[in-house]
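Have a look at the structure below before the remarks.
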Amino acid sequence: MSDTSTGPAADERAQQTRQLLGLLGAARSGLPTLAVISGGRGMGKTRLVESLLRAGTAPQGDRRGPASHMTAGQDATVLRAAGAAAEQHIPFGMVEQLLAQHNAGPRGHAGSPGTVSEFGDRLLALIDTVTAPGHVLILCVSDIQLADAASLRVLLYALRRAGQLPMLTILTLDPEPDHPADRPERNRELPERNEALEGLLRFPGAHTIVLGALTPAEVQAMWRAGPGHGLSMPAARALVDHTGGDPSLVRSLLAEFPQSAWYANHDSLPAPASCVASTAAALKQLSADAMALTQAAAVLGRCSQLSVAVELAGIKDAVAAVDSAAAAGLLRLSTAEAETRLEFPLPVLRSAVYQHLGPALRSELHTAASRIMASEAQRLRHRAAAALLPDAVLSAELEAAAEGFAAQGAWRPAAEAYTQAARLHPQPAARESLVIRTVDAMLGAGDLARALTALDTLDSFAPGPLSDAVRGYLAILRGRPAQADALLQKAWTAVDPATAPETAAGICQRQVLHALARFHGRDLVMWAERARQLAAPDSPAAVEARAIEGLGLGAMGRIDEAQLSYRNESGQLWQGAQRMRRDMGKGWLDLALDNVETARDTLAGAASTDFAHGSQRIALWAQGWLARADFALGAWDDALRTVQSAASAQEESGMELLRPLIHWTGAQIHAIRGDWDAAAGHLEQGAAPADSYPVMLLPYCLAQAQVAETKADYDGVLRALVPVLRMPRTTGIDEPGFWPWQDHYANALVMTGRVDEADAFLVPLEQLAGQRAHRSTLARLAYVRGRIHAASGDLDAARTSFLGGLRQLDGLPLPYARARVKFAYGQSFRRAGKRREAATMLAEARDLFEVLGARAYVERCSREMRASGVPSGAGSRGAPRAGALSRPEPGRPSSVPAPLLAAVPHAELTEQEKAVADLVAAGSSNKEAAAELYVSVKTVQYHLTRIYAKFNVTSRSGLAAVYSGVSEQPGEDRNQASPQ
């Protein structure tokens, strides 16, 4: 297909068109500009040039597309030429194309005698002629790599002497051209031509625009969506994988097929008509054996064993057949694995060959394949593909296979088997049931995009409990609790467990997931018990219920029973996806019970990114908690890698239920490291509406609170946790270890002066944590209790609380939790006037934070140490000074010129005044500075009065003008709540 073909897709290279328009604007202003557009065949080089010419030369009032913002006017002259492999031996052939368009000088035939300077001067004269005042020249040379050497030298000669003329030169280049290599004259000219070409490509100021394969985001932008939704990311990614990102193929597919085509099984994605036609032509040029081998390979899939393909094709000379098909670009051979394999370079080529076969030949080959395949599953798949008419017996076999896959938790192959069983069943009622089970299996696999496309089909069926349960399941994964609750209750009311126990058990299992999403332990255990009573022990409903039931028991505080449930299950021979489910539940419970290292190992096994035979939903749950385990252990880089991988998979799946959990860890780590933009990005991506499930709101609110706490924005912490306070507190959200929000809230109450409220809030939580003997929760609550004692002046009790909290953490691999307790201890005692004791604790906290890379807290510790009157460079291990007045790190520029640094009278400020000046100059209000330094607002005002006098300023802005940039704070204070 031509680069310039059109279709229903928008310009896929809009960004590059804007870039060219910018270069054209520079040329209009009298600055000669050279653009080199590089890309392989089909990458859209010609289309991009045409897009520029349409946008950049349209009459006034007729600008379209990306150039609508540019100045209009018919002020451009276009000269065009193209290199050609057949004319590379003709001197000056390409430049004659340019000159002929305006009859520039005496014209001879191409290849007429002359010199580079003569032709160059003729070209310059032409350029002078067409670049009259108010006019711009666009000089386009396509396939510059195929131009003759003399013309390349002429073009280079002219560009070097063009001067300040309004001219944009555009060269298109194929880095890997197809051209004959057997011409002696071409070989003689090759060094000279390459030298001239290199001179053009490296011309001073040249702008290179590389056109590679399209990205999924670019494909999304291409779709001209009518009414309804645009192209989803999974569909765009499927198109890129299918075509290799070839723009011409993508445009054709978008033009010829409906959007729903891109949510089908990847093995059944279509090929455009142009690709089928070109592939058919290539097949006709092959030998009979090569054609038979290519057709057999297409029936077997994109990749197949060479021996199986040869047997199916019925050929003897496999080497010659492979060689012929490979030379035509249809197949390639791979010997990298244990067996020799055939594969198509692109899935779309396999689809083109498969479509060209026709129904009769496809059926014949699939039938033959069903006789030679090794496994029963493969034989059944080919039998189904060969069948064109309803077949009750074959449908029953496929249904049984689907149920077998489902029993293993392998939902993807289950969905495909159910699909074929539905297609071949002769009875409409049974076919409807199979379609519903197909959608249920798609949801089990986490393939929401395909499931959503099937909703219209479900709408045409009579309502029933199975259909309602599937819709409820979809509502759960999309994070819609009210809708899910209504559908599941309707399904349960309509089903008769006595006559339809399997359907009833399936509804119970959906209720288990619904209860987990609500984090309602009692309901989860109740529905799990019902599912186990109704279903066979090895059925998917019973297995998944047992895998999750332990979490419900844990949320109810029945810890021994929860652990026992997983110990009992571990004795069973669970394999594959079912083991993933058990390990996800056990790993989450271990994490909640402070068995962090065990949890990390268990969750890593359940977080596999290979979803071919499992459940993406389970893997994403496991990845979300794996990131939390790595965070607790201090392995923050590992945690961020897990977040990045899970976020990509979650976006593609469309499962909104897990989005906040995944982004929680990313937001917290980036905030602690002082990367506020990245933290804000994760907060935005992990946002949950107010009517979301608790397992969505809890991580989102916690992420907001933890980011605010890192900035010392304690009012922000309280605001962030308001939705959590409104949740039912008896369902499990206060059970120690599961959702650690309580200490953040209580700490913020203390820091905003609401000490009595913090005390009342803490008491029942301390009692519950004591009953459970949950060490990390006792430590987290102990540091808040220490703050409360310190605020009321009982320093002995405060010291006992802080040290008790640290003892609870002894032996637990929780470095960040330990650093937080030490920080609270030091900050509280600094305010109480125990400066030396405070400085010791703050130095130890700073050392821990420094090891973790928690830059924001390293800075806060240093400010606290200065405010205590102890030099911030004095640490428990001689750590380098990291405070606001420290020198820049090697290689790190200071934001203040050296003379200004020298002019600031640091020596005249006390340590407390320096700490206040740091915060106020960075934009903090008096209230925010007071909260950060744990002093009263009046104390801040007192210090500010003295600071103003010492700097001879009268306002906060005046202080910022002379003090700005002295500190090396991260952006925390600039991003705090608005100054009051």
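Values quoted throughout were computed directly from the atomic coordinates according to the rules given, and no laboratory measurement underlies them. None of the values given here were measured: they were computed from a predicted structure. Cβ: placed from backbone, ideal geometry, glycine included. Neighbour counts: every protein chain shown.
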Fill in: Pairwise Lys count, the chain - Cα closer than 29 Å, eight or more residues apart or different chains
21
Worksheet item: How big is D, in µm² s⁻¹, for region 271-380 by Stokes-Einstein at 25 °C and 0.890 mPa s if Rh is the Kirkwood radius over C-alpha pairs?
Response: 178 µm²/s
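Using only the Cα atoms of the chain, construct the convex hull and provide its projected area averaged over every direction, in square nanometres to one decimal. Display every interim value, and only then the final one.
On the way: hull surface 197.7 nm².
In nm², the orientation-averaged hull projection of the chain is 49.4.
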Discussion item. Quick query: amide H of VAL78 versus all other amide H atoms, modeled in the peptide plane; which residues come in under 5 Å with a sequence gap of 5 or more or a different chain?
Written reply: ILE138
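Once you keep just the Cα pairs under 8 angstrom separated by 6 or more residues, what percentage relative contact order results for region 216-270?
Details: 42 pairs, mean separation 17.3, N = 55.
Once normalised by length, the contact order is 31 percent.
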Item to complete: Using only alpha carbon pairs under 8 Å that are at least six residues apart, calculate the relative contact order of the chain and give it in whole percent.
Response: 6 percent
Item to complete: Go through region 502-518 residue by residue and turn each phi into a ³J(HN,Hα) via Karplus (6.51, -1.76, 1.60, θ = phi - 60°); whole Hz please, and just put x for glycine and proline.
Response: 5, 5, 4, 5, x, 5, 4, 5, 5, 5, 4, 5, 4, 5, 5, 5, 7
Worksheet item: Where in the chain lies the longest segment free of GluC sites (Glu not before Pro) that are both loop residues by DSSP (not H, G, I, E, B) and have at most 16 other Cβ atoms within 10 Å?
Response: 340-980
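Over region 663-739, what is the relative contact order in percent, taking alpha-carbon pairs closer than 8 angstrom and at least six residues apart?
On the way: 73 pairs, mean separation 19.8, N = 77.
Once divided by the residue count of region 663-739, the mean separation gives 26 percent.
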Item to complete: Grab the DSSP H runs of the chain that are 4 residues or longer, score each as -39,500 (n - 2.57), total them, divide by all residues and round the 222 nm result to the nearest 500 deg cm²/dmol.
Response: -19500 deg cm²/dmol
Worksheet item: Regarding region 663-739, what is the average projected area of its C-alpha convex hull, in nm²?
Response: 4.9 nm²
Item to complete: Using label points projected 7 Å from each Cα along Cα→Cβ, tell me how many nm separate GLN15 and THR954, to one decimal.
Response: 5.2 nm
Item to complete: Report, by chain and number, residues whose modeled amide H sits under 5 Å from the one on ILE209, excluding near sequence neighbours (fewer than 5 apart, same chain).
Response: VAL36, ILE37, SER38
